[in-house]
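In what follows, a single structure is set out as structure tokens and then discussed.
The values are calculated or read from the model by the stated rules, or taken from the named source; none is laboratory data. On a predicted model such as this, the values are computed, not experimentally measured, just so you know. So basically every Cβ, Gly included, is an ideal-geometry build from the backbone, and we count neighbours across all protein chains shown. Note: accessible area is taken over every heavy atom of the protein model, side chains too, but ligands, DNA and RNA are not part of it. Shrake-Rupley method; radii C 1.70, N 1.55, O 1.52, S 1.80 Å.
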Amino acid sequence: MATKNILIVPGDGIGQEVTTVGKKVLDAIAKKFNHEFIYDEALIGHVAIEATGNPLPDESLAKMKKSDAVLFGAVGHPKYDNDPSAKVRPEQGLLKMRKELGLYANIRPIKLFDELLSASSIKPEILKGADILFFRELTGDIYFGEKGRKNNGDTAFDVAEYSRYEVERIARKAFDAARTRRKKLCSVDKANVLETSRLWREVIQKIALEYPDVEIEHQFVDATAMLLIKDPRRFDVVVTANLFGDILTDEASQIAGSMGMLASASIGDGTGVYEPIHGSAHDITGKGVANPLASILSAALLLDISFGLKEESEAIINAVDAVLKQGFRTRDIADANTPTEKILGTNAMGEEVLKLL
Ligand code: IPM
Ligand code: MG
């Protein structure tokens, strides 16, 4: 029996709806396996700006640091997207959280549930069996370098920066993971143009010497973008920088059928944060149609990675698999052949998973 403190941080938009379901699933696991999970909640993003003026209030950060793991929703609000001059933005809360908690490794498993072969826009025969594990560096790169304006505001810049140490630690995580899988690692960079990428490649080549059993391949990011769609099965573990990883994992979400299916883990030296890769989706917020499976699968990652509860984690994944086998779908993963009575909203989908737990 384990006693753990879990902080729920719903954030904005559909974050609220999907984490509510994710938490219910954690509750069901606690009951079934006789654990005690103690919950608290904290604000981040637009809702935090509205309440306090700050996208990541100190109180939220303190709670995160104290908890054993964080189940996270999403941040963002359309009102900022078309207002480039806004000084305070919801995303600043997310980036500050990543930096303050030292969440340098963002792990995004891309695996298609067989039942969803037809939900993807990629041909089934290309997709079947694809299983990729992304390691996206999360606290460096152009996201966190100096940014600003010059020439009276007519020129803007964002500096991309990486230190040897930052590349080494994400590289080791990725090599370690490759060892437990098909022993193939693809490192993605733009070393033909960028100095940060040349350092990246140099470091990866050096660390590779410690892992002679792992086959290492270097790819330029533009080629990776193409190959992910052309032949996703050629990839096992992929490691890349912050910005490239952001873009490539959205692309790769199509391999899993929908963004609504993908969970991610952000880990570092302290508390881990688990969240869907989808955003706040204000276009469907409050309609009760969001797919809760990414949040449910995030809860599964949380149990596995932060608490080492493998059996519990697998119970969740198996339940999701079974619900899909029964034919239930949310709107985003339904296709022309899905009978209307099998298309469920957020809560109803959650209930189907809970029934099996
Ligand atoms: C993600 C998101 C964030 C990012 C945004 C919301 C700042 O797209 O987690 O992938 O760019 O990292
Ligand atoms: Mg993204």
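In the stretch 192-308, counting only strands (runs of 3 or more DSSP E) that sit wholly within it, the ones holding 1 or more residues that are within 15 Å of ligand 2 (Cβ to nearest atom) and more than 30 Å from Leu357 (Cα to Cα) span 237-240. Exactly one residue out of Ala281, Ala290 is crowded, with 21+ Cβ neighbours inside 10 Å and at pLDDT 95 or above: that is Ala290.
Out of Asp222, Asp269, Asp236, one residue alone is modelled with pLDDT under 95 and more than 16 Å from ligand 1 (Cβ to nearest atom). It is Asp269. In the stretch 1-96, counting only helices (runs of 4 or more DSSP H) that sit wholly within it, the ones holding 3 or more residues that are crowded, with 23+ Cβ neighbours inside 10 Å span 15-33, 46-52. For the stretch 164-189, taking the residues that are farther than 16 Å from Asn106 by Cα and free of Cβ contacts under 8 Å to residues at least 12 places away in the same chain, the one that is least open to solvent (accessible area, probe 1.4 Å) is identified as Thr180.
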